[in-house]
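Novice: Below is a structure I'd like to ask you about.
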Amino acid sequence: MARAPARDYEAPRADVARLNYSKRGAPQMQASHSWRSRLQPVVAGGVFVFTLTCRIRGITREFWLLGDQIRDWGIALRPFHELPLVGPPTHVHGYTIGPAYYWLMWAIRVTVGPWFDNLPHSGGIGQAIVESFADAVLFCAVWYRTRSVWLALATILAIATAAYDVALSAIVWTTVIASAFGKLAVALVLLGWHRASVARLAVVAALAWSAVHVYSGAIFVTAGVFGALVSEPLVRRDWRAAGRAAATIALVVGALQVPYLVYQIQTRASDPAMGAVTGSLSRIVTGRDAPEVAKSLNGFASAFQFIQGFPWTIGWAPWLLLAADIVVAIRYRRDVALLMLVLAPQAAAIVGYALFLGALDHYYYIPVVPLAVVAIALAMTLPERPMVNHTIGIVLLLAIATVVPTRLRMAGRLHRMPEYAALVRGSRRIAGMGQPMRAVRTAFPLQPTSDPEFLYKILGGRIDRNATWVATIAGDGQVSYRQITE
């Protein structure tokens, strides 16, 4: 049987099957496809359970209850009609351009919250469920593209057990949710799920744009998804399909921006969304400052090394990524949609952050780094060499599995609040008294932005500044009471 041309490797499976069809090979191919279709949901389910377990480990004891978590979970506790019409404020001034984050957290509070008394760690569990689901779908997409379950497992294990990602994945925080939305959109396009109908294409576009609602830095991934949706029919010179895709994207984005428009009309807000970003752009456009390309390159390389390498310093990791990107660019040069999904977000992040004149933090790149790992997996895939791909995947899977315990152990030391368990136990005891408190305090120090009264109020307790009782929670969760007489 003659080997198919390289471009056929990038075609959908059905096309590959037709190209390689023969009377002798057809039953084997059909059997292989049937075996894969039955096994994939089972393995994907295992990926979901494993990654979720890693993410929520210890969350009921050490949830990170700081100011941002208190603010956002407090908003999620409101009725839906009282949710903000824009996203959370950013640390560089302004706010995100839509309410998708609060919509999702409200949905988590309604569905997951009642199982955990609506305490904030239920928001962390719900967030982890969303991200693990995204990882399971991305696993299916990598398996589909590489045709190796082992290489797909190695890829997802590298992404989902990165210590920094695990540490942030269940703390009620925007960047991780944006990453999950981005991974879902990318995976669905890689699977070709959007091709079945305009409605599916709209769902993918909504997921991609919702990522920007949640975290502005997800725009690079979103742009890649939009580019893939439009470029796929353009390459085929199907102008009608390309126009339909572009129009669908425009309608979805327009619909999702209606809350932001209403917010602007209602409040006549003077503080613009993403004010620091627009300020940097204006300084560059007017010539007052130059793009900081070197800073952006170093920031991306450092973030990739830190997110995927922590706690180790792997100086050659950025060079490995660069080599992988070059291989992917050459090997998949005819698959424009794949290049838009995997390579374009990396390039866009470098260009975009070069136009941002503020300091760069590692977490800015959380939505982009999973795509960099996928690029490395694709670079290691050898077309029409399934056994070689399986061997490579098994070796990588074993290598990554050896460092997973260390990664998870280090994740348990990042962004944790060991006092949370005592706060929960003490707050339950105080609320059970049914007596209003003037104040709830702790006998141990808390972070400045935390609030020892937040859990007590969620559990039904009432703060009355004219009451005569003050409760103090000890480090073991026991409570002492002091009556104030005036």
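Novice: Output yes when any residue across region 57-70 is assigned by TED's automatic domain parsing to the domain that holds residue 403 and free of Cβ contacts under 8 Å to residues at least 24 places away in the same chain, and no when none is.
Specialist: No, the conditions are met nowhere in region 57-70.
Novice: Shifting gears a bit: Residues of region 324-348 being of a type in the set (Lys, Arg) and surrounded by fewer than 17 Cβ atoms within 10 Å (Cβ to Cβ), which ones?
Specialist: Correct list: 333, 334.
Novice: To continue, here is another question. Can you pull out the residues in region 355-400 that are in contact with an Asp or Glu (Cβ under 7 Å, 6 or more places away or on another chain) and modelled with pLDDT under 90?
Specialist: 357
Novice: All but one of (1) touching a residue at least 60 places away in the same chain (Cβ under 8 Å); (2) over 28 Å from residue 310 (Cα atoms) hold for residue 166; which doesn't?
Specialist: All conditions are met except number (2).
Novice: Please tell me if residue 117 is touching a residue at least 40 places away in the same chain (Cβ under 8 Å), in contact with a Pro (Cβ under 8 Å, 6 or more places away or on another chain) and within 28 Å of residue 421 (Cβ to Cβ).
Specialist: Judged against the criteria, residue 117 is not a match.
Residue-by-condition table, conditions (1) over 24 Å from residue 411 (Cα atoms); (2) modelled with pLDDT of 95 or more; (3) more than 22 Å from the chain's Cα centre (by Cα):
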residue: 293; (1), (2), (3): yes, no, yes
residue: 301; (1), (2), (3): no, yes, no
residue: 313; (1), (2), (3): no, no, yes
residue: 326; (1), (2), (3): yes, yes, yes
residue: 329; (1), (2), (3): yes, yes, yes
residue: 340; (1), (2), (3): yes, yes, no
residue: 345; (1), (2), (3): yes, yes, no
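Novice: If residue 351 passes every condition in (1) touching a Leu at 6+ places or on another chain (Cβ under 9 Å); (2) surrounded by fewer than 22 Cβ atoms within 10 Å (Cβ to Cβ) but one, which one does it miss?
Specialist: Against the list (1) touching a Leu at 6+ places or on another chain (Cβ under 9 Å); (2) surrounded by fewer than 22 Cβ atoms within 10 Å (Cβ to Cβ), residue 351 comes up short only on (1).
Novice: In addition: Taking the stated definitions as given, is residue 360 outside any helix (DSSP H, G or I), aliphatic (A, V, I, L, M) and within 19 Å of the chain's Cα centre (by Cα)?
Specialist: Here the answer is yes, as residue 360 does meet what is asked.
Novice: Can you tell me which residues in region 263-277 are at pLDDT below 65 and loosely packed, with under 14 Cβ neighbours inside 10 Å?
Specialist: Within region 263-277, 270, 271 qualify.
Novice: Would you mention how many residues in region 173-212 are outside any helix (DSSP H, G or I) and of a type in the set (Ser, Thr, Tyr)?
Specialist: Matching residues across region 173-212 total 1.
Novice: Is it the case, given these coordinates, that residue 302 is farther than 26 Å from residue 151 by Cβ, in contact (Cβ under 8 Å) with a residue 24 or more places away in the chain and in the same structural domain as residue 150 (by TED's automatic domain parsing)?
Specialist: Here the answer is yes, as residue 302 does meet what is asked.
Table: residues versus (1) of a type in the set (Gly, Ala, Ser); (2) farther than 24 Å from residue 185 by Cα; (3) in contact (Cβ under 8 Å) with a residue 40 or more places away in the chain; (4) not assigned by TED's automatic domain parsing to the domain that holds residue 209.
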| site | (1), (2), (3), (4) |
| --- | --- |
| 82 | no, yes, no, no |
| 91 | no, yes, no, no |
| 97 | no, no, yes, no |
| 103 | no, no, no, no |
| 127 | no, no, yes, no |
| 135 | no, no, yes, no |
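The values are calculated or read from the model by the stated rules, or taken from the named source; none is laboratory data. Just so we're clear, the structure is a prediction, and the values are computed from it rather than from any experiment. With ideal geometry, Cβ positions are generated from the backbone for all residues, glycine too; neighbour counts draw on all protein chains shown.
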